Protein chains: 2
Amino acid sequence: MAEGAQFTPAEADASYEVFHTDCLARDVVDHVTSRWGVWVLIALRNGDLRFFELRRSIRGVSEKMLAQTLRALVHDGLLWRKVEPTTPPQVTYGLTEFGREIGEPLTELFDRITRRLSPSGTQ
Amino acid sequence: MAEGAQFTPAEADASYEVFHTDCLARDVVDHVTSRWGVWVLIALRNGDLRFFELRRSIRGVSEKMLAQTLRALVHDGLLWRKVEPTTPPQVTYGLTEFGREIGEPLTELFDRITRRLSPSGTQ
């Protein structure tokens, strides 16, 4: 997800114009829908977590990939990061108001997929 | 996005259990949030499109990547594909009911991001 996507809807739609010019929005879209970004945002909806708790929650993520994902989401303003000056330092992550706003439709998306694909169908 | 992600929420939450065992749900999540899957699903919300129209709408996508993305989404049941026996054959894509269901929170996600990052702030 490195290159910038540009989106030109068939019918001109002002709400997507931003994808042409605003690199920040394009970057945030990439980070939110990235391999691990999705799971970080969903995991934190249940409450703040320490780095090792996040790593344990999201199976298959490497320490390096998780650190990189968290850095991008903090930079985008979706997460906050708190460092406590203990030895070793305790680092906690949580959703900002923006992160919570974005987490809502993301959770809805996954709920709809899992509901549709669960053996019992729509619950 | 090749490897399967597994998600273990800190608090046991039945709605995410599916990510442990149900590979189909995990695959669909990967396809929907893939680099180009996102844009295909959003592009088709305005109406059915032919292959070349999709390619023109989504700037930066190669023919190969678009074909691959469309194949995965058709396989997942999110898109239908209609081939007309003309010379050359005309291939049209559209959203199934499931695709439309998934497109809703996806559109909401991007609307929230673009609204938040647009110069005028919340509109």
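The values are calculated or read from the model by the stated rules, or taken from the named source; none is laboratory data. Bear in mind the structure is a predicted one, so any value in this text is a computation, not a measurement. A quick note on method: Cβ atoms are made from the backbone with ideal geometry, for glycine too, and the neighbour counts reach across all protein chains shown.
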statement: Per the filter on the range A:40-66, residues more than 13 Å from the chain's Cα centre (by Cα) and among the small types (Gly, Ala, Ser) are A:GLY47, A:SER57, A:GLY60, A:SER62
- prompt: Out of all the residues in the range A:84-105, which are in a helix (DSSP H, G or I), within 11 Å of A:LEU44 (Cα to Cα) and not basic (Lys, Arg)?
  reply: A:GLY99, A:GLY103
statement: Flagged in the range B:21-42 as part of a helix (DSSP H, G or I), modelled with pLDDT under 85 and more than 7 Å from chain A (Cβ to nearest Cβ), in numbering order, are B:THR21, B:CYS23, B:ARG26, B:ASP27, B:ASP30
- request: Just give me the residues in the range B:103-123 being at pLDDT 90 or above and out of contact with any helix residue (DSSP H, G or I) (no Cβ under 6 Å at 6 or more places or on another chain), in sequence order.
  value: B:GLU104
message: Please go through the range A:67-91 and give me each residue that is over 16 Å from the mean Cα position of the chain (by Cα) and of a type in the set (Ser, Thr, Tyr), ordered by number.
response: A:THR86, A:THR87
query: If a residue has to be within 12 Å of B:TYR93 (Cα to Cα) and either in contact with a Phe, Trp or Tyr (Cβ under 8 Å, 6 or more places away or on another chain) or acidic (Asp, Glu) (or both) to count, how many in the range B:41-65 make the cut?
result: 8
message: Quick test for you: out of B:THR69, B:THR107, B:THR92, pick the one residue that is of a type in the set (Val, Ile, Thr) and over 30 Å from A:PHE98 (Cβ atoms).
response: B:THR92
- request: Give the number of residues within the range A:62-113 that are farther than 23 Å from B:ARG26 by Cβ, loosely packed, with under 14 Cβ neighbours inside 10 Å and within 11 Å of chain B (Cβ to nearest Cβ).
  value: 1
